[in-house]
2 protein chains.
Amino acid sequence: MLFLPPARKALLLLCLCALSVLAQAQEVKSPNAQLTLRFALQNGGVPTYRLTYKGRDVIKPSKLGFELKNAPALTSGFAVADSKQRSFDESWQPVWGEVKTIRNHYNELAVTLTQAATNRTVLVRFRVFDDGLGFRYEFPRQKALDYFVVKEEQTQFALAGDHKAFWLPGDYDTQEYSTVTSKLSEVRGKMKAAVTPNASQTTFSDTGVQTPLMLKSQDGLYINLHEAALIDYSTMSLELDDKNFVLTSHLTPDALGDKGYLQTPCLSPWRTVVVSDKAADILESHLILNLNEPTKYKDVSWIKPVKYVGVWWEMITGKSTWSYTNLENIKLDSLDYSKTKPNGTHGANTAHVKEYIDFAAKHHFDAVLVEGWNTGWEDWFGKSKDYVFDFVTPYPDFDVQELHRYAASKGVKIIMHHETSGSVRNYERHMDAAYKFMVDNGYNAVKSGYVGPIIPRGEHHYGQWLNNHYLYAITKAAEYKIMVNAHEAVRPTGLARTYPNLIGNEAARGTEYEAFGGSNPDHTTILPFTRLMGGPMDYTPGIFQTQISAINPQNTSFVHSTLARQLALYVTMYSPLQMAADLPENYNKHLDAFQFIEDVAVDWDDTHVLEAEPGDYVTIARKAKGKSSWFIGSSCDEQGRTSKINLNFLDPGKKYVATIYADAKNAHYEKNPQAYTIRKVNVTSKSKLTQYCAPGGGYAISVMETTH
Amino acid sequence: MLFLPPARKALLLLCLCALSVLAQAQEVKSPNAQLTLRFALQNGGVPTYRLTYKGRDVIKPSKLGFELKNAPALTSGFAVADSKQRSFDESWQPVWGEVKTIRNHYNELAVTLTQAATNRTVLVRFRVFDDGLGFRYEFPRQKALDYFVVKEEQTQFALAGDHKAFWLPGDYDTQEYSTVTSKLSEVRGKMKAAVTPNASQTTFSDTGVQTPLMLKSQDGLYINLHEAALIDYSTMSLELDDKNFVLTSHLTPDALGDKGYLQTPCLSPWRTVVVSDKAADILESHLILNLNEPTKYKDVSWIKPVKYVGVWWEMITGKSTWSYTNLENIKLDSLDYSKTKPNGTHGANTAHVKEYIDFAAKHHFDAVLVEGWNTGWEDWFGKSKDYVFDFVTPYPDFDVQELHRYAASKGVKIIMHHETSGSVRNYERHMDAAYKFMVDNGYNAVKSGYVGPIIPRGEHHYGQWLNNHYLYAITKAAEYKIMVNAHEAVRPTGLARTYPNLIGNEAARGTEYEAFGGSNPDHTTILPFTRLMGGPMDYTPGIFQTQISAINPQNTSFVHSTLARQLALYVTMYSPLQMAADLPENYNKHLDAFQFIEDVAVDWDDTHVLEAEPGDYVTIARKAKGKSSWFIGSSCDEQGRTSKINLNFLDPGKKYVATIYADAKNAHYEKNPQAYTIRKVNVTSKSKLTQYCAPGGGYAISVMETTH
């Protein structure tokens, strides 16, 4: 739980027009007046809010409140004690991001509610932006409410109809599901099939869904529900009343079934509603970042976007192994690996890692991720094993010092890997030593993993306990100037604004699933509207050899994407951390296409969403940080389509060469995925482009300024 | 879980007579042949054991086994695959202890059991000593049993009758109960009244009791049930079948209700049965220490017994406070104590601590404990507060550096205090910094505390999770050469042999309860037979001002002991860590009596239990480590008695002066507790002594060699 932020210097910059209204209903509009938030007390002092966009209901009157453990509920019996409005407008620059400057512009309504029967006070703060609404609960320091336990948060989102929804099953432990696209009324019927197996999963209801939840109304409103600044609080899922289309917050419980231990003064995360009648506006929204606090770090010079390759896909596909031996039932503190028989399939051996370093250096990558470098992988999973890794002991065939020396000589970093197997006490016990080991050996970024059920047993990946842990790992890493890319951790909520060394997260079904049976062809046309709303994803695109059997004959999976679209993902799936996930040998067969990955930026000064429809297509153009070049990516669903874009975002008067990496005419994500064409055209800001995308395909364009 | 110990060098010393017997029943006798252990398989392959002492049943045929989670039980269907006997006899010297040398002499029977239906193997190892039996389960590394989860251990202790029992309510979180003395058949009826309130308590049954459980049969057998070497396993309580007088193991569950996560090869703790027809033999038993492993530390030179005073009793009695302010609802990371209003009652202020240092130095104490020195005490308890202390930030009126300097100049150490409030994740996160802070500031011992329910929530003080934590705290302290005195931690099981920096534990109702309403007058005649069987207790005796109202007029409690008996406890309640718990001002009123506390040793070359009957009296003589002097203590119950002892343990031919600190004739623990006499007599090994003990009284004697 955050402390109430002290008055900030930024406030000096703004037009602060506070006024006190003691009526029982208040309204506040967005700066452009298209959104209206109305707060009202219903009969019995039940607090409600309502949100309209251009006069249409986005959220119908919806209740606010909390059920507490061993204390009266905070759901009714309230009166408005105070009400204040103010406006805020400032611009800020992210450490890394999709744009150079972000405008944070909103009108705010802060309603102070008192519950006379218990003498308790809760404040609800609404911020209405042009692109949506954020609101949170604030619990001021007070006699009658000091420490309390949340039984359930009772925040409603009453929708105006049976919207089309892009949803995942509600789950306390995983988001690695395929998105289901259906009407809300169809969720219940489709739930069972939607819950596909996972290493750790705990669903809770036939109508529970996750956030970010993307919705589209029949009359064309795009609505995204999520949360921002999730700190020391349990992650919110949404429980659907599929008769009335009312979603209600459902927090992740702890081992005792409690939903949160809080101490005043404290804050809930922001509940967010991003809305527009244009899908592209949803993707261009910075509302969630704006609702997070500015960075807490004084020095951010050590935080840099990263493009990397890694010893990873070969294990995912089953070609090599994380483990050094084929032993079973090992104990770290008694096994002498030097006396074991190597299995001969260990990926992270010194010679092989050097090949990756060579490839990375040749193609100007920043780093090489190496998984499976450390002891313990023989039985790391599914054993509820407490002392599962020590994070500092390499396998005998992985020479830490030599690889550090070699990588440094080539100007490449090695990315550390800390798989925890969900055993977070063990990780925290070793964390300082592990980070110090990184510093001593030249690592400045770590990919952490939380595969499998959590230890302490009974806790969940998305509960307050783990959310507290993830942030502990991030802030402690910052003490060592280490960047973190956390997999299987909680879905991001914009915290990277505050803690910008959190450069990556997984928290969704990543490219690895293309080797585990495949993902839907429309997957990457949905993720920007769902998972990516909270922050970047380490999606690990760039698979050129889409038939996995070419790598491992036993694996019949194939990537549900054309090769050209794999390039597009470096633009459409925003991340300051981008992997070229395929094997160097596969890239070497298509170096012409690989050139795009080598060229594409990982940090941006500007972004334009050119076309977008969730589940159908996404086309985005981005301008490289500090440079004149632009990169465009387009991804479409299994239908294929013809994309028509206008390059009017280019600087007027400048000349550019566009290199277009596109699907060949006969390309198809399943039948002919590797058929691509590359062509160069001269373009200016007056150019328009019509470009065919194959089924499950797309295109990527680099647009480089030229003097010719 | 310990690894199976490698063959030890000590084995070279012994008569190793292994023989293989494949019969379904085996016997092994104690070295003196008075105890017989018989293992047998009952119908259906149910393993059982039976223990007799001088032909009388101590444990009637009793079942052995385990219920597992999601796996077939290990309770029946067994055959004996192998059976080995051997004898062992060695002597070893503890780092500190009651005697200089301990003989470890037993005959062993190791029965290997195979369960054909599951192809699983379990070994039961029995060690029969002259003073009792220890046995444990060993799970060898095997294909069919690698990782497993214990649902319940099913070890029975079938007693021969409705014995008199000295019992505490079974509880997963506290042992701070008054002992109830009753027949086993009366446990159920007395349970409700026995469960007095505590800061954290979780009882589990109307007939559940704790170990060490002391029993006395109607025909005069003394039997003590406990466990030894409790490592990475859940603490055992005993569930009583009060019709058949069968006790069955009941392990402490985790948050999910599971009883233990194990990985082969692994071991259970030893289950111990100490037995004799003389009560004194129970107290002189070293069986539990013998069943623990030799010390794991190469260097133990930094581990030293400690006699100390402390800023503690004044808070316990309510005279002063741990907290510096009277604020409520504080947050450590936002409260600036320098801007708060001191409450004026804070005990741990620099000037006051110096008074204790002065007193300690004057009377040759080793150390001064200071509680309440660090920030956070304003609302440390009962809030389930995660970040409750940081263990390194002093209150503004506690000058760490100055006190270090001052104490060092007087040759006195300050003892650190780490109250965790049960928030063990928080403690582990701060542990390295906290220990380093200690080293930097001259502390070499820490009193740790675990008051209140545990965080992670759902875990219990005596579960595997916490047992793992306590040992983590001890071994990590050893890295810093820090000694640990853990309060509210698990009851000891002889682990101090292996980890001798564990110099103290609470784990029972200590002297503090004399300020919380009082303890039974017979309490200290029982504890040596129960709690102390597993290891020393930081009982904090030495209260001279037995009327607490003299310290705090609001507190009407009184110490249920005479002053003379308070002296006796330094001998009868063995500990290498002994506190003189009363205020210096109270000692200054009785410096003649205080001389005994100043003189008494805290480490010993020899011990003789001269008289003993649980619940009635205990008289013990001990010889100071490396010296010729002896100290004798005697404690009796509310009846009073006349003690008759023979000093034939003194060195023949030597002359001694005995200073006898005794109850005055009119002394009484309630009516006249401070009436004592001090007399000196010349004694030799031929002397006998008859000494009156008042109700709730006792006596202490220092026996110093003299040349006169």
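Couplings 3J(HN,Hα) of the range A:342-352, computed from phi: x, 7, x, 10, 5, x, 7, 9, 3, 4, 5 Hz, in residue order, whole Hz [Karplus 6.51 cos²θ - 1.76 cosθ + 1.60, θ = phi - 60°; x for Gly and Pro].
Sparse packing (at most 16 other Cβ atoms within 10 Å of the Cβ) combined with a DSSP loop state is found for the following trypsin sites (Lys or Arg not before Pro) in the range A:629-708: A:K654, A:K665, A:K671, A:K686. Neighbour counts of C-beta atoms inside 10 Å place A:S643, A:S634, A:S276 in the sequence A:S643, A:S276, A:S634, starting with the fewest. Among the trypsin sites (Lys or Arg not before Pro) found in the range A:214-274, those both in a DSSP coil and sparsely packed, with 15 or fewer other Cβ atoms within 10 Å of their Cβ, are A:K243. Couplings for the range B:147-156, taken from phi via the Karplus curve 6.51 cos²θ - 1.76 cosθ + 1.60 with θ = phi - 60°, read 9, 8, 10, 7, 7, 6, 7, 10, 8, 9 Hz in order; Gly and Pro are left as x.
Between the C-alpha center of the range A:100-142 and that of the range A:646-683 there is a gap of 46 Å.
Neighbour counts of C-beta atoms inside 10 Å place A:E293, B:E98 in the sequence A:E293, B:E98, starting with the fewest.
Each label was represented as a point 7 Å from its Cα along the Cα-to-Cβ direction; for B:A117 and B:E186 these points are 4.3 nm apart. To test your reading of the geometry: what angle, between 0 and 90 degrees and rounded to tens, separates the Cα axis of helix B:424-440 from the longest principal axis of chain B? Computed tilt is about 50 degrees.
Stretching A:E670 away from A:A550 to a fully extended chain increases their span by 41.7 nm, per 0.36 nm per residue minus the current alpha-carbon distance. Structural descriptor for the range B:11-290: relative contact order 18 percent, calculated from alpha carbon pairs under 8 angstrom and at least 6 residues apart. Projecting the Cα atoms of A:W312, A:L332, A:P265 onto the dipole axis of the range A:261-356, where Lys and Arg carry +1 and Asp and Glu carry -1 at the beta carbon, places A:L332 farthest toward the positive end.
Under a 5 Å amide H cut-off, with hydrogens placed 1.01 Å from N, A:K655 pairs with A:T706 among residues at least 5 apart or on other chains.
Charge tally for B:Q578 (other residues, Cβ to Cβ under 11 Å; Lys, Arg +1; Asp, Glu -1): -2. Looking at the range B:240-343, the chymotrypsin sites (Phe, Trp or Tyr not before Pro) that sit in a DSSP loop and have at most 16 other Cβ atoms within 10 Å of their own Cβ are B:W302. Label zone of A:K296 (point 7 Å out along Cα→Cβ, amide N under 18 Å): in the range A:91-130 this covers A:95. Candidate cross-link partners of B:K243 among the lysines, defined by an alpha-carbon separation under 27 Å and a same-chain spacing of 8 or more, comprise B:K54, B:K60, B:K63, B:K151, B:K164, B:K183, B:K190, B:K192, B:K216, B:K259. Relative contact order of chain A: 11 percent, from C-alpha pairs under 8 Å at least 6 residues apart in sequence. Backbone geometry of the range A:479-487 corresponds, through the Karplus equation with coefficients 6.51, -1.76 and 1.60 at θ = phi - 60°, to 3J(HN,Hα) couplings of 4, 9, 6, 10, 8, 10, 10, 9, 9 Hz, x marking Gly and Pro. The mean sequence separation of alpha-carbon pairs under 8 Å and at least six residues apart, normalised by the residue count of the range A:501-634, gives a relative contact order of 25 percent.
If I fit a long axis through the Cα atoms of helix B:400-409 and take the longest principal axis of the Cα atoms of chain B, what angle between them do I get, 0 to 90°, rounded to 10? It works out to around 90 degrees.
Set the Förster distance to 41 Å, then compute FRET efficiency between A:V392 and B:K362 from the Cβ-Cβ distance, nearest 0.05. That gives a FRET efficiency of 0.25. About its Cα centre, the dipole of the protein assembly as shown is roughly 460 debye, where the only charges are +1 on Lys and Arg Cβ and -1 on Asp and Glu Cβ. Kindly state, to the nearest 0.05, the FRET efficiency for A:T690 paired with A:D89, given R0 = 45 Å and r defined as their beta-carbon distance. With a Förster radius of 45 Å, E is 0.70. Extension gain, B:D606 to B:F204: 0.36 nm times the residue separation minus the Cα-Cα distance gives 140.7 nm. Of B:T642, B:T272, the sequence from fewest to most neighbouring Cβ atoms within 10 angstrom is B:T642, B:T272.
Each value in this text was obtained by applying a stated rule to the coordinates, not by laboratory testing. Remember, predicted model here, so these are calculated numbers, not experimental data. Virtual Cβ from ideal backbone geometry, glycine too; neighbours counted across all protein chains shown.
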